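Here is the structure we will look at.
Every number here is computed from the coordinates shown, using simple stated rules; none is lab data. Please read these numbers as outputs of a predicted model, since none were measured by experiment. For neighbour counting, all protein chains shown are included, and Cβ atoms are generated from backbone atoms with ideal geometry for every residue, glycine included.
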Amino acid sequence: MNSPALASLYAQHLDALHARTAVALQRGGFEHLLIPSGTLLYQVFDDRDYPYAVNPQFKAWLPVTRAPGSWLVITPGQRPKLLFMQPHDYWHVVPEAPSGYWVEHFDIIVIRTPDEALQHLPKDTARCAILGEAQSAIGSYVPNNPQPVLDYLDYQRAFKTAYEIEMMRQAQRIGVRAHRAAERAFRAGSSEFGIHLAYCQAAGQDANDLPYGNIIALNEHGAVLHYTDRDRVPPNQARSFLIDAGASFGGYACDITRTYSAQEDEFAAMIRAVDAAQLKMCASVRAGFDYKQLHLDAHLALAGVLKDFGVIMVSAETAVETGVSSAFFPHGIGHGIGLQVHDVGGFAASDSGGTIDKPEGHPYLRLTRVLQPGMVVTIEPGLYFIDMLLGEIKQKGLGDSVDWARVETFKPYGGIRIEDEVACTDGEALNLTREAFAA
Ligand code: GLY
Ligand code: MN
Ligand code: MN
């Protein structure tokens with residue numbers, strides 16, 4: 001998208017944030033919203049800092065992710081103010097002077113030390129909702145994170161503006177480019193570490209830029225849901241490759257998973273079956289559809305795949321009822337995504353609080369809301385061959401449900417996960433990931 005178009009979407013995005021902020025402040029009885037960008041955190045007994053992560057409430061307003069010590073001041077009816085921290089420093093790179101389509105919407109004051117912000121913040125701290133971490137406090141400006149304000153903003157954050165959808169599209173493009181490079185590296189015989197480097201190179205992002213640590217798993221490692229070890233040496237024979245890796249763009253995340261078989265074999269066929277099931281699940285992302293139901297339906301669909309491949313000997317329905325399907329699909333179908341890879345407000349019952357519980361027996365689901373236009377969710381079904389969970393099936397006396405010889409056939413491949421980002425619209429689902437792969 002060209003920048004004039006992005007600029008006009010951004011203006012609408014700001015309008016939406018201003019409108020939300022006015023309500024949020026009113027709910028909490030405040031006049032101003034203050035958002036520190038965050039500060040550096042140091043390792044204990046050391047002068048080494050941890051990777052800086054900007055306050056998500058800050059990057060909701062502007063695509064600036066590397067300006068620790070800055071503050072936003074939002075007062076309804078007034079132009080927002082950015083206190084932009086640009087220290088006098090010759091040891092480190094100083095954040096660049098603000099530029100881009102967003103700058104004209106802010107009164108920008110450059111500060112050189114953290115305490116300089118004090119001169120420019122609203123005088124009456126009691127009238128300020130301050131959203132941030134405790135260590136961002138300066139003087140009497142201590143983050144108070146008022147619950148009614150957070151409840152409102154977190155709930156509304158699920159509904160992406162057109163600008164946010166476009167930012168997420170850009171993140172998808174980067175992620176897809178890097179996924180393609182990673183697949184090439186796998187087929188060329190690289191180690192997990194080598195694939196990771198190929199991914200980062202193609203994305204133009206290093207580990208601290210990425211929205212989460214890359215999961216790059218060959219063979220049995222695919223059965224570890226969050227495998228992040230990255231062997232330095234390739235296996236003797238690379239049979240399969242599961243990659244769960246994202247990218248960032250202007251503070252927005254993508255979260256994409258693909259699984260490959262090295263050869264045209266039964267595992268390749270199983271990947272295609274999961275892929276076909278996943279596409280159907282993506283099509284269920286429609287306004288009014290309960291995401292909890294999507295998760296439960298996914299169990300049935302995946303149990304159907306296990307049945308078709310002779311891994312289970314009971315019906316798909318029975319496998320779901322007895323919990324056998326959970327041994328093969330032991331995580332949630334997905335989550336909201338946007339400024340954070342696991343976005344806030346996943347269980348919010350309303351914009352004034354309350355929780356929508358997870359379905360019984362499904363502790364790892366991260367989103368329980370009913371889908372509405374503007375929500376962007378991941379759809380990430382998986383099937384894995386995990387010794388610990390398979391052992392539990394036997395312990396529960398359900399061993400007869402499974403053909404253990406078939407399990408042995410598939411175990412050397414680890415597992416399958418396929419993950420896309422899907423936007424809920426007024427009509428059909430919009431699959432941002434497939435769109436990027438198709439481009
Ligand atoms: N990459 C983490 C997740 O899929 O939720
Ligand atoms: Mn995910
Ligand atoms: Mn993922």
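Points worth noting:
- Candidates Ala316, Ala182, Ala16, ranked by Gaussian network fluctuation over the chain, Cα under 10 Å, top entry: Ala16
- Listed by chain and number, the lysines whose C-alpha is less than 26 Å from the C-alpha of Lys307, apart from same-chain residues fewer than 8 away, are Lys280, Lys292, Lys394, Lys396, Lys411.
- Computed on region 68-162, with alpha-carbon pairs under 8 angstrom and 6+ residues apart, the relative contact order is 21 percent.
- Which of Val324, Val305 has the fewest Cβ neighbours within 10 Å, and the rest in rising order: Val305, Val324
- Region 291-308 and region 360-439 have Cα centres separated by 8 Å.
- Options Leu371, Ala171, Gly414, ranked by Cα towards positive dipole end of the chain, top entry (Cβ charges): Ala171
- Of the complete DSSP H runs in the chain, those spanning 18 angstrom or more by Cα along the long axis with a mean Kyte-Doolittle score not below -0.5 are 3-28, 266-283, 291-308.
- Considering only Gln263, Gln43, Gln26, the mean-square fluctuation computed in a Gaussian network model of the chain, springs between alpha carbons under 10 angstrom, is largest for Gln43.
- Only Lys, Arg (+1) and Asp, Glu (-1) charged, at Cβ; region 257-333 dipole about Cα centre in debye: 260 debye
- By other beta-carbon atoms within 10 Å, ranking Ile386, Ile333 with the fewest at the front produces Ile386, Ile333.
- Shape class of region 1-141 from the alpha-carbon gyration tensor: oblate, with a/c at 1.5 or above and b/c at least as large as a/b.
- Most mobile of Ala303, Ala217, Ala273 in a GNM of the chain (Cα contacts under 10 Å): Ala273
- Rounded to the nearest 20 debye, the dipole size of the chain about its Cα centre is 460 debye, using +1 on the Cβ of Lys and Arg and -1 on the Cβ of Asp and Glu.
- Based on Cα contacts under 8 Å between residues 6+ apart, the chain shows a relative contact order of 15 percent.
- When only the Cβ of Lys, Arg, Asp and Glu is charged (+1, +1, -1, -1), the dipole of region 98-251 relative to its Cα centre reaches about 580 debye.
- Cross-link partners of Lys123 among lysines (Cα-Cα below 21 Å; sequence separation of 8 or more within a chain): Lys81
- Residues Ile108, Ile256 arranged by fewest to most Cβ contacts within 10 Å: Ile108, Ile256
- Distance from region 36-81 to region 119-173 (C-alpha centre basis), Å: 10 Å
- Value of [θ]222 nm, deg cm²/dmol, for the chain, DSSP H segments ≥ 4, -39500 (n - 2.57) each, nearest 500: -10500 deg cm²/dmol
- The relative contact order of region 20-134, computed from alpha carbon pairs under 8 Å that lie at least 6 residues apart in sequence, is 32 percent.
- When the Cα positions of Gln237, Gly250, Tyr212 are compared along the charge dipole of region 200-251, Gln237 comes out farthest toward the positive end, with charges on each C-beta of Lys, Arg, Asp and Glu.
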